[in-house]
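The structure's right below; bear with me while I get my questions together.
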Amino acid sequence: ENTVDGATKAMQQEAEAEKKISDAIERQVQKKLAMHRKNLEGASDPEERLRMQEEYDAMVEKLKAKAAKEQERLLNELRKKNDAKVDKDVADLLKKSRAERDNAAMKLKA
């Protein structure tokens, strides 16, 4: 298998695996938030509701930060494992592809 085909296949598989990781983490976050949203919607007292809304907002930020750290850890683990499977030329191409994906993701978040 030549380097270009091997690198293309490796990049595609890695991108798909990264997407699965990202989607799984997002589902976990949404599942946790849905439960707390339900409690928030059930609050009838305005002061209680305001307090719960503030707690919810803080929790959203905390969960997103925790999810981002977990996603980064899992991606680094995946990337390290993939680098070990391929030769140096393919690993270099993978690193370039990752940098491009990471930059695109940062631009989308901005």
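Please go through (1) loosely packed, with under 12 Cβ neighbours inside 10 Å; (2) at pLDDT below 85; (3) of a type in the set (D, E, K, R); (4) part of a helix (DSSP H, G or I) for GLU1 and return the number of the only condition it doesn't satisfy.
GLU1 satisfies all of (1) loosely packed, with under 12 Cβ neighbours inside 10 Å; (2) at pLDDT below 85; (3) of a type in the set (D, E, K, R); (4) part of a helix (DSSP H, G or I) except (4).
A further question follows. Does GLU26 count as in a helix (DSSP H, G or I), open to solvent by 70 Å² or more (accessible area, probe 1.4 Å), more than 30 Å from LYS81 (Cα to Cα) and not aliphatic (A, V, I, L, M)?
no
Closer than 27 Å to GLN12 by Cα, part of a helix (DSSP H, G or I) and modelled with pLDDT of 90 or more: which single residue out of LYS69, LYS31, LYS96, LYS62 fits that description?
Testing whether each residue is closer than 27 Å to GLN12 by Cα, part of a helix (DSSP H, G or I) and modelled with pLDDT of 90 or more leaves just LYS69.
If you don't mind, there's one more thing I want to ask. Taking interchain pairs and intrachain pairs at least six residues apart, which have beta carbon atoms under 8 angstrom, with the first residue in the range 37-53 and open to solvent by less than 100 Å² (accessible area, probe 1.4 Å) and the second at pLDDT 85 or above?
ARG37/TYR56; ASN39/MET52; LEU40/ARG49; LEU40/MET52; LEU40/GLN53; LEU40/TYR56; ALA43/ARG49; ALA43/MET52
Considering every residue within the range 72-84, establish whether at least one is surrounded by 11 or more Cβ atoms within 10 Å (Cβ to Cβ), touching a Ser or Thr at 6+ places or on another chain (Cβ under 8 Å) and assigned to a helix (DSSP H, G or I).
No: zero hits.
The values are calculated or read from the model by the stated rules, or taken from the named source; none is laboratory data. Just so it is clear, the model here is predicted, and its values are computed rather than measured. Positions of Cβ are generated from backbone atoms using ideal geometry, with glycine treated the same way; all protein chains shown enter the neighbour counts. Accessible surface is based on the protein model in full, side chains and every heavy atom, while ligands, DNA and RNA are left aside. Shrake-Rupley method; radii C 1.70, N 1.55, O 1.52, S 1.80 Å.
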